[in-house]
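**Student:** Here it is, the structure, as structure tokens.
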Amino acid sequence: MLAANPVGKWLAATGMESDIVISTRVRLARNLVDVPFIVKASASDQARVVDTVRWALQDSGYLKRGKFIDNEQLTEEQGQFLLERHLVSPDFIEAKTKRGLYVSRDETISLMVNEEDHLRFHALVSGFDFPSAFDVVSKLDERLESQVGYAFSSKFGFLTACPTNVGTGMRASVLVHLPGLVLTKEIEKVLRGAVHIDLVVRGLYGEGTETKGNFFQISNQKTLGRSESEILETVTDSTRQIVDYEHKAREYLIKNLRVEIEDKVFRSFALLKSARILSSDEAINLLATVRLGVSLGIINQVNLSRVSKLLILVLPENLQAMLGERLKLPERDERRATFVRESLVR
Amino acid sequence: MKKCDLCGKNEAVMKVRQVDKDGNVTELNICAECAHKRGFSEVEKINMSVAEVLAEMKKKVAEEDRYLVCPGCGMSFAEFKRLGRLGCAECYTSFGPRLESLIRRIQGAVQHIGKTTKVGRKKAQVRMNVQRLNEELKNAIQAEDYEKAAKLRDQLKQAGKHAGR
């Protein structure tokens with residue numbers, strides 16, 4: 001299993017616009033040629049796919065730069081831990097059938113075997129950086145393709161289990177922090193605009209979850225009939241525009257509501273530094289406000305990277321993995337408060 | 001109301017289009033009596049409600065969905081609609097225009113223009129094939145099906161040659 005610390009490199013808060021764009025992700029969906037897709041694959045088909053992919057990763061040198069984990073070795077808690085770290089999907093950890101997971105050491109690459117498609121892999125990088133993410137994921141794609149062979153048609157492109165992914169099989173997304181737009185109540189307008197140009201907007205943890213801490217995930221909806229570079233261009237342009245709106249909203253807040261914003265930020269910071277009981281939801285919301293404060297230069301005792309990492313480490317399974325013990329409530333909330341306090345005060 | 005174009009007496013209840021050999025279309029207004037005489041039995045079906053017509057159409061589509069089956073994996077179009085997932089790569093051709101119109105609705109396009117793959121057999125593919133044949137061979141021997149086992153052994157030899165390259 002992975003260690004809780006250090007957290008993934010994508011949380012380093014480096015790269016362009018990292019005060020607003022937390023991370024950039026490019027994900028590809030692929031299926032092996034001549035093997036039925038997951039719903040029609042037999043147990044031995046699935047086992048063979050896991051084995052083949054593991055072998056291909058080893059042969060191409062990826063395995064020595066990361067870990068390959070069998071889902072049968074995963075406990076429920078470890079699955080949850082990986083989910084909190086954005087390395088797997090909820091669907092991946094729920095399955096009882098044979099699945100595999102590859103994670104590169106710095107957690108930039110994650111590759112799920114036998115999720116909805118035989119292969120689902122992504123590159124996740126810090127800040128607003130589609131060129132790097134696409135480069136990493138393309139290299140892996142080409143290495144795998146040269147070894148395993150993909151299901152492909154000249155008409156529909158890369159064939160996927162669900163027609164919503166067919167074609168490029170590519171989902172390009174950014175995780176953005178938009179407290180300025182939420183506070184100025186402009187968020188609805190901006191998000192509606194994004195949906196209008198075929199982008200999908202979700203809360204931090206993907207489909208069906210509410211937005212905690214004003215974090216949003218924006219990605220392309222369509223995968224067919226446009227090239228990879230066109231998709232990247234669309235998402236890049238829209239992100240740039242959203243970042244611009246967020247900057248303007250923050251400028252407005254500082255100009256017109258400086259005291260109110262400072263009050264909100266300092267109160268959140270004070271709570272984090274003195275609370276004795278802290279739930280993960282409360283911690284996320286307070287940390288998100290502190291993150292805004294750091295970006296605006298209101299707080300300078302901590303940096304963006306520290307706050308971003310805490311946003312993952314306060315989550316239940318990451319917290320317990322880091323402390324190295326299983327904790328029940330209410331003790332877990334007490335230990336979380338202690339951990340956050342110590343991380344922010346020193 | 002228009003009078004029937006055939007008898008000229010009764011009130012017309014339906015329109016009939018006639019197309020002759022040269023493709024000329026003539027439209028006739030016909031009464032129920034004449035329609036019956038000429039064998040246009042649809043006259044009775046006009047009494048169906050809109051809901052009934054829709055239900056009938058739906059039933060027919062559902063039936064078609066059940067019988068549209070991919071030979072590659074055995075998935076029917078009805079099963080795909082229920083699961084939202086296709087069974088294999090071949091489904092994309094097996095389900096033909098039904099799937100294509102769905103893809104057009106979702107994607108707004110039906111032609112891929114991105115990255116393509118290189119053709120040719122891949123190392124892992126050969127390896128996987130050998131694994132599969134070995135598994136089948138083991139099963140055949142266990143089942144004492146020696147004829148099949150011999151065939152599989154030949155196939156394995158062939159596959160092994162490719163792998164050795």
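The values are calculated or read from the model by the stated rules, or taken from the named source; none is laboratory data. Given the structure is predicted, the values throughout are model-derived calculations rather than measurements. As a convention, Cβ positions derive from the backbone with ideal geometry for all residues, glycine included, and neighbour counts pool all protein chains shown. We work out accessible area using only protein heavy atoms, side chains counted, and drop any ligands, DNA or RNA first. Shrake-Rupley method; radii C 1.70, N 1.55, O 1.52, S 1.80 Å.
**Student:** Let a ≥ b ≥ c be the square roots of the eigenvalues of the Cα gyration tensor of the range A:9-250; is it rounded (a/c under 1.5), or, if not, prolate (a/b larger than b/c) or oblate?
**Tutor:** Working: a/c = 1.87, a/b = 1.60, b/c = 1.17.
Prolate.
**Student:** Related question: Before I look further, what does the range A:258-344 give for accessible area per residue, probe 1.4 Å, in whole square angstrom? Don't skip to the end; give the middle numbers.
**Tutor:** On the way: 3940 Å² over 87 residues.
Ligands and nucleic acids excluded, the result is 45 Å² per residue.
**Student:** Where in the range A:186-284 are there GluC sites (Glu not before Pro) that are in a DSSP coil and have at most 13 other Cβ atoms within 10 angstrom of their Cβ?
**Tutor:** On the way: sites: A:186, A:188, A:207, A:210, A:228, A:230, A:233, A:246, A:251, A:260, A:262, A:282; in loops: A:186, A:207, A:210.
Listed in order of number, the matching sites are A:207, A:210.
**Student:** Using only the heavy atoms of the protein chains and a 1.4 Å probe, how would A:120, A:143 rank by accessible area, largest first?
**Tutor:** On the way: A:120 25, A:143 110 Å².
These residues rank, largest area first, as A:143, A:120.
**Student:** Give me the accessible area of residue B:4, 1.4 Å probe, in Å² rounded to the nearest 10.
**Tutor:** That residue has around 0 Å² of solvent-accessible surface.
**Student:** Please give the charge dipole size of the protein assembly as shown, origin at the Cα centre, charges +1 on K and R Cβ atoms and -1 on D and E Cβ atoms. Round to the nearest 20 debye. Can you show the working numbers first?
**Tutor:** On the way: 79 positive and 68 negative charges, 155 e Å.
My answer is approximately 740 debye.
**Student:** Further question on the same structure: Which shape class applies to the range A:258-344: rounded if a/c is under 1.5, otherwise prolate when a/b exceeds b/c and oblate if not, where a ≥ b ≥ c are the square roots of the Cα gyration tensor eigenvalues? Could the numbers behind the result be given before it?
**Tutor:** Values: a/c = 2.60, a/b = 1.90, b/c = 1.37.
Taking the square roots of the gyration eigenvalues as a ≥ b ≥ c, the range A:258-344 is prolate.
**Student:** Keeping the other protein chains in place, figure out the carbon and sulfur percent of the accessible area of the protein assembly as shown, with a 1.4 Å probe. Working shown, then result.
**Tutor:** On the way: 13350 of 26040 Å².
C and S atoms contribute 51 percent here.
**Student:** Which residues of the range A:151-171 bury at least 50 Å² of accessible area once all protein chains are present, versus their chain alone (1.4 Å probe)?
**Tutor:** Those are A:152, A:155, A:156, A:163, which lose 50 Å² or more relative to the chain on its own.
**Student:** Given a 1.4 Å probe and the protein chains all in place, what does the accessible area of residue A:155 round to, in Å² to the nearest 10?
**Tutor:** For residue A:155, solvent-accessible area is about 70 Å².
**Student:** List, in the order given, every pair from A:67/A:139; A:139/A:189; A:189/A:255 whose Cα-Cα distance in the structure shown is over 30 Å.
**Tutor:** Working: A:67/A:139 18 Å; A:139/A:189 37 Å; A:189/A:255 22 Å.
Result: A:139/A:189 exceed 30 Å.
**Student:** Do the sum for chain A: with -39,500 (n - 2.57) for every DSSP H run of n ≥ 4, divided by all residues, what is the mean residue ellipticity at 222 nm, to the nearest 500 deg cm²/dmol? Present the calculation step by step, with values, prior to reporting the outcome.
**Tutor:** Details: 12 runs with 160 residues, N = 346.
Computed mean residue ellipticity for chain A: -14500 deg cm²/dmol.
**Student:** Excluding residues on the same chain fewer than 8 positions from residue B:15, give the aspartates and glutamates whose Cα lies under 16 Å from its Cα.
**Tutor:** Partners found: B:5, B:27, B:33, B:42, B:44.
**Student:** Please give the charge dipole size of the range A:258-344, origin at the Cα centre, charges +1 on K and R Cβ atoms and -1 on D and E Cβ atoms. Round to the nearest 20 debye. Don't skip to the end; give the middle numbers.
**Tutor:** Values: 14 positive and 11 negative charges, 30 e Å.
Here the size comes out at about 140 debye.
**Student:** Check cross-link reach from residue B:151 to the aspartates and glutamates: straight Cα distance under 15 Å, and skip same-chain residues fewer than eight apart.
**Tutor:** Leaving aside aspartates and glutamates fewer than 8 places away in the same chain, those within reach of residue B:151 are B:135, B:136.
**Student:** Let me ask something additional. Helix A:280-295 versus the longest principal axis of chain A: what angle, 0 to 90°, nearest 10, using Cα atoms?
**Tutor:** Around 70 degrees separate the two axes.
**Student:** Continuing with this model, one more query. Using the structure shown, list the pairs from A:155/B:148; A:64/A:273; A:98/B:60; A:96/A:328; B:58/B:115; A:40/B:59 with a Cα-Cα distance above 30 Å, or answer none.
**Tutor:** Details: A:155/B:148 38 Å; A:64/A:273 41 Å; A:98/B:60 39 Å; A:96/A:328 26 Å; B:58/B:115 39 Å; A:40/B:59 26 Å.
Distance filter (> 30 Å) returns A:155/B:148; A:64/A:273; A:98/B:60; B:58/B:115.
**Student:** I've got another one for you. Using only helices, what value at 222 nm comes out for chain B when you add -39,500 (n - 2.57) per DSSP H run of length 4 or more and divide by the total residues, to the nearest 500 deg cm²/dmol? Working shown, then result.
**Tutor:** Details: 8 runs with 91 residues, N = 165.
Mean residue ellipticity, 222 nm, calculated: -17000 deg cm²/dmol.
**Student:** Taking a ≥ b ≥ c as the square roots of the Cα gyration tensor eigenvalues, with a/c under 1.5 meaning rounded and otherwise prolate when a/b beats b/c, else oblate, which class fits the protein assembly as shown? Provide the component values of the computation, followed by the final result.
**Tutor:** Values: a/c = 2.49, a/b = 1.38, b/c = 1.81.
The shape class here is oblate.
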